[in-house]
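Below: one structure, written as structure tokens.
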């Protein structure tokens, strides 16, 4: 009688490594600050990511998405609901800079420094794929594959305009109106709620208008303006086996960020695009298992993106 193959626990090295890294961060910050909050904060986040990645690893290809969704909800809801709504921390990008200027060592400051500024040096933009509380809702919408391609022209600059508006508001309130944030104040809660209502409204509207769940991430979200700087040097990136690749372009079609993954593979280069969110959709869709993650040193400065450019008609 045949017996089922035993589960290969060596595949759990990646989720366990993520857990250990976050636990190390938790213990270090706790020891430096003496605040127990940072211990359970990062232990929870690391464990949630590890559990989600573990489920992702254990599930068959067609169901792996649920592992990533689990991580999104475990981390995203903790950030938005517990830290934001219950603890009254302003988790918006403006809140980060307000706390930074105030010298207030809030959870928001540590979160941005670790997840969105320093973190991409190791995990690339994995935050966007595995933990973002905006994306955890947008990814539930029906447009999982963008059939049109990325909008051409100046659409990509909207995120920088958003960032500039946020910084302008920061300057006006800090130096013009002498606004100073206070820990767990109602004003911080209002800022968080209003900001997220706007984010979700714009994100859902764009998703339906452009038939693209990740349209908000590509055009409007201000967070990549920080992430794209350090993610160029990210240790973790997607890599392909040029010997296995048949250039079927299934990975390109499945990529939620419109990256032309196959062109990186065929040029024997890791996917160095700073738009990569390490969602692993390209890995899952490849029937030849030509794609995987790798750890290495390179400099990302080559953006190969599928755009919905208008066709030029010759006269």
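The values are calculated or read from the model by the stated rules, or taken from the named source; none is laboratory data. A quick note: this is a predicted structure, and the numbers were derived from the prediction, not measured. As a convention, Cβ positions derive from the backbone with ideal geometry for all residues, glycine included, and neighbour counts pool all protein chains shown.
Scanning region 97-114 for residues that are more than 18 Å from residue 131 (Cβ to Cβ), in contact (Cβ under 8 Å) with a residue 60 or more places away in the chain and assigned to a helix (DSSP H, G or I) returns 97, 98, 99, 101, 102. Looking only at residues in region 101-119 that are more than 22 Å from residue 47 (Cβ to Cβ) and at pLDDT below 90, which one is nearest to the chain's Cα centre (by Cα)? It comes out as 105.
Only a single item in (1) at pLDDT 95 or above; (2) outside any loop (DSSP other than H, G, I, E, B); (3) out of contact with any helix residue (DSSP H, G or I) (no Cβ under 7 Å at 6 or more places or on another chain) is not met by residue 206, and it is number (3).
Among the criteria (1) part of a helix (DSSP H, G or I); (2) within 22 Å of the chain's Cα centre (by Cα), the one residue 190 does not fulfil is (2). Scanning region 149-183 for residues that are under 22 Å from the mean Cα position of the chain (by Cα) and outside any helix (DSSP H, G or I) returns 149, 150, 151. Every condition in (1) in contact with a helix residue (DSSP H, G or I) (Cβ under 9 Å, 6 or more places away or on another chain); (2) surrounded by fewer than 19 Cβ atoms within 10 Å (Cβ to Cβ); (3) free of Cβ contacts under 8 Å to residues at least 60 places away in the same chain is met by residue 176 except one, and the failing one is (1).
When the test is whether a residue is assigned to a helix (DSSP H, G or I) and without any contact (Cβ under 8 Å) to a residue 40 or more places away in the chain, residue 201 passes it.
Summed over region 81-93, the residues that are modelled with pLDDT of 90 or more, crowded, with 19+ Cβ neighbours inside 10 Å and not in a loop (DSSP other than H, G, I, E, B) give a count of 1. Which residue pairs have Cβ atoms closer than 9 Å, lie 6 or more positions apart in sequence or on different chains, and pair a first residue in region 31-49 that is modelled with pLDDT of 90 or more with a second residue that is assigned to a loop (DSSP other than H, G, I, E, B)? Final answer for the pair search is 45/131; 48/131; 49/131. Kindly indicate whether any position in region 291-310 is within 20 Å of the chain's Cα centre (by Cα), touching a residue at least 24 places away in the same chain (Cβ under 8 Å), crowded, with 17+ Cβ neighbours inside 10 Å and in a helix (DSSP H, G or I). So far as region 291-310 goes, no, none of its residues is within 20 Å of the chain's Cα centre (by Cα), touching a residue at least 24 places away in the same chain (Cβ under 8 Å), crowded, with 17+ Cβ neighbours inside 10 Å and in a helix (DSSP H, G or I). For region 254-264, a residue qualifies if it is modelled with pLDDT of 95 or more and surrounded by fewer than 21 Cβ atoms within 10 Å (Cβ to Cβ), and the qualifying residues are 260, 263.
In region 229-239 there is at least one residue matching the filter, namely being within 30 Å of residue 88 (Cβ to Cβ), crowded, with 17+ Cβ neighbours inside 10 Å and within 21 Å of the chain's Cα centre (by Cα).
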